[in-house]
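Encoded as structure tokens, the structure appears first; notes follow it.
The values are calculated or read from the model by the stated rules, or taken from the named source; none is laboratory data. All figures in this text were calculated on a predicted structure; none of them were measured in a lab. A quick note on method: Cβ atoms are made from the backbone with ideal geometry, for glycine too, and the neighbour counts reach across all protein chains shown.
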Amino acid sequence: MENPNIIRGYTYAFITIIIWTGWIIISRLGAIQHLTPLDMTFLRHGPAGLIMAPIAWKNRKLINRKTWKGLLIMLIGAGPLYLMCTSNGFVRAPASHGVLTPCSMTLFVAILTFFFLREQITKIRFVGYALILSGVIFKFAIDGASSADFYFLAAGLLWAINTIANKKLNLNPLAVTAFICTGSAIILVIPYCLSLYLYPHPMPLVPTLIQGVYQCLFTAIISFITYTSAVNLIGAGRASSFAALIPVLVILFSIPILGEYPSQIDLIFAAFMSMGVFLASGVVRLVDKSVKA
């Protein structure tokens, strides 16, 4: 029987991907509804930091000489800088471009885990990563690369760095989430208030509430806990590789919600990603235990 921790890890990873898919759709919707990148970044981290501050304070003793550098790296990789990159991308391009962040993150994590964590990549998983990379190259070769794409790629690298630091720390997921949310809110509060004072702009009530609830509750808190748990249970490489499922899900949800229909290139790209994640995630081992995946 499969190790229960492995099953739990895959479950956490899948829940994370569902939330991240919704995050791409919601973020693009916010950009269409004229929320600025700083608005969306603050709506994710500001309320979340306020909610999680008591938990961060309760677990403050976990911050010591051995952990503070790792937490700082995670704050850089998953904090305001990451959100500013993705939000600037969504302002400039449709939701389909946003899948470059999770896909590139998968590849960056594979490279970083190999060099820094010595996590071996089997032949089957290597083929999966190759398919993911081929899909990204194919999309760039046909559609070209815009400024938005570079924002999404930078965000993918930042989240990969966060993933490696997360794995090395291996702290309680709830405590880590509280530290990152609270730290991000502290960093953002003064720049955001100053921005509103210098450049006042209307913020539609309903879109702001939607962004605030989803970005804060689901993306900043729940998905961070589930992703951290998945990394701890099944490893950084396998947890992050599930992100390649996002292109398929984004295509399905962007049609009814955003009115954005996929092109033939998008469909081919999604096919590359789907097969790539099936191999890179190690799911083959669950189906056939004789295979070293």
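Worth a mention:
- Restricting attention to segment 117-134 and to residues that are of a type in the set (Val, Ile, Thr) and part of a loop (DSSP other than H, G, I, E, B), the residue that is nearest to Leu100 (Cα to Cα) turns out to be Ile121.
- Condition check for Leu174: within 13 Å of the chain's Cα centre (by Cα), outside any loop (DSSP other than H, G, I, E, B), modelled with pLDDT of 85 or more and not aromatic (Phe, Trp, Tyr): no
- Pick from segment 1-50, criterion of a type in the set (Phe, Trp, Tyr) and either surrounded by fewer than 19 Cβ atoms within 10 Å (Cβ to Cβ) or under 30 Å from Ile234 (Cα atoms) (or both), ranking: farthest from the chain's Cα centre (by Cα): Tyr10
- Selection from segment 227-252 of residues that are at pLDDT 85 or above and in contact with a Pro (Cβ under 8 Å, 6 or more places away or on another chain): Thr228, Ser229, Asn232, Ile246, Ile251
- Residue pairs meeting the criteria (Cβ under 6 Å; at least 6 apart or on separate chains; first farther than 9 Å from Gly9 by Cα, in segment 225-248; second part of a helix (DSSP H, G or I) and of a type in the set (Gly, Ala, Ser)): Gly237/Ala110; Ser241/Ala280; Phe242/Ala13; Ala244/Gly276; Pro247/Ala270; Val248/Ala270; Val248/Ser274
- Any hit, segment 104-125, residues being closer than 30 Å to Cys193 by Cα and at pLDDT below 95: no
- Sole residue being among the aliphatic types (A, V, I, L, M), more than 26 Å from Leu50 (Cβ to Cβ) and part of a helix (DSSP H, G or I), chosen from Ala145, Ala155, Ala110, Ala185: Ala110
- Only one entry in Ala93, Ala53, Ala78 is under 12 Å from the mean Cα position of the chain (by Cα) and farther than 26 Å from Leu198 by Cβ, namely Ala78.
- For first residues located in segment 127-144 and of a type in the set (A, V, I, L, M), partners that are loosely packed, with under 15 Cβ neighbours inside 10 Å and lie 6+ apart or on another chain with Cβ distances below 7 Å form the pairs Ile142/Ile265.
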